[in-house]
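Below you'll find the structure, written out as structure tokens, and then a few comments.
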Amino acid sequence: MNQPGTDALTPPLAFAVPGRLIEQGYDAGQRRLTVRFEARGGEGPVVLSVPEHAAGDGFAVRIDGRAAEARLDERTRRLVVAWSGAAGSHELLVDLE
């Protein structure tokens with residue numbers, strides 16, 4: 001779905017990350033959300049906000065280059081991403097289809 005104004009005002013973004021958020025960005029052309037964070041280890045899941053207009057046909061999630069399991073709550077549009085909980089720097093990529 002091509003909605004330039006909506007994409008600019010309400011892009012997908014990190015709602016909560018384990019540890020400390022380093023940076024995040026959404027590339028509307030590639031339809032990719034990139035989130036980098038520094039985890040202490042053992043924290044909870046990554047939670048993202050994915051507006052309905054952004055994820056029309058689904059998504060693919062990777063953490064540190066590996067496929068990750070994710071569950072989207074259709075009511076809240078929160079995407080909960082399971083991960084290993086390992087300490088250190090991590091990069092999460094969400095490709096929206």
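The values are calculated or read from the model by the stated rules, or taken from the named source; none is laboratory data. Everything numeric here is computed off the predicted structure, so don't read it as measured data. Here the Cβ positions follow ideal geometry from the backbone for every residue, glycine too, while neighbour counts run over all protein chains shown.
The residue that is surrounded by the most Cβ atoms within 10 Å (Cβ to Cβ), counting only those in segment 22-44 that are under 17 Å from residue 86 (Cβ atoms) and under 11 Å from the mean Cα position of the chain (by Cα), is 35.
So for segment 33-45 (the condition being at pLDDT below 95 and of a type in the set (Ser, Thr, Tyr)), does at least one residue qualify? No, because not a single residue in segment 33-45 is at pLDDT below 95 and of a type in the set (Ser, Thr, Tyr).
Could you tell me whether any residue of segment 40-58 is basic (Lys, Arg) and in contact with a strand residue (DSSP E or B) (Cβ under 6 Å, 6 or more places away or on another chain)? Steps first, please.
Applying the first criterion (basic (Lys, Arg)) to segment 40-58 yields 40.
In the following step, the residues that additionally are in contact with a strand residue (DSSP E or B) (Cβ under 6 Å, 6 or more places away or on another chain) were identified as none.
No, there is no match, as no residue in segment 40-58 is basic (Lys, Arg) and in contact with a strand residue (DSSP E or B) (Cβ under 6 Å, 6 or more places away or on another chain).
Among residues of segment 12-36 that are among the hydrophobic types (A, V, I, L, M, F, W, C), those with a beta-carbon under 6 Å from a residue that is part of a loop (DSSP other than H, G, I, E, B) at least six positions away or on a different chain give the pairs 33/12. Of the strands (runs of 3 or more DSSP E) lying entirely inside segment 40-97, the ones with 3 or more residues being in contact (Cβ under 8 Å) with a residue 40 or more places away in the chain and within 16 Å of residue 11 (Cβ to Cβ) are found at 88-96.
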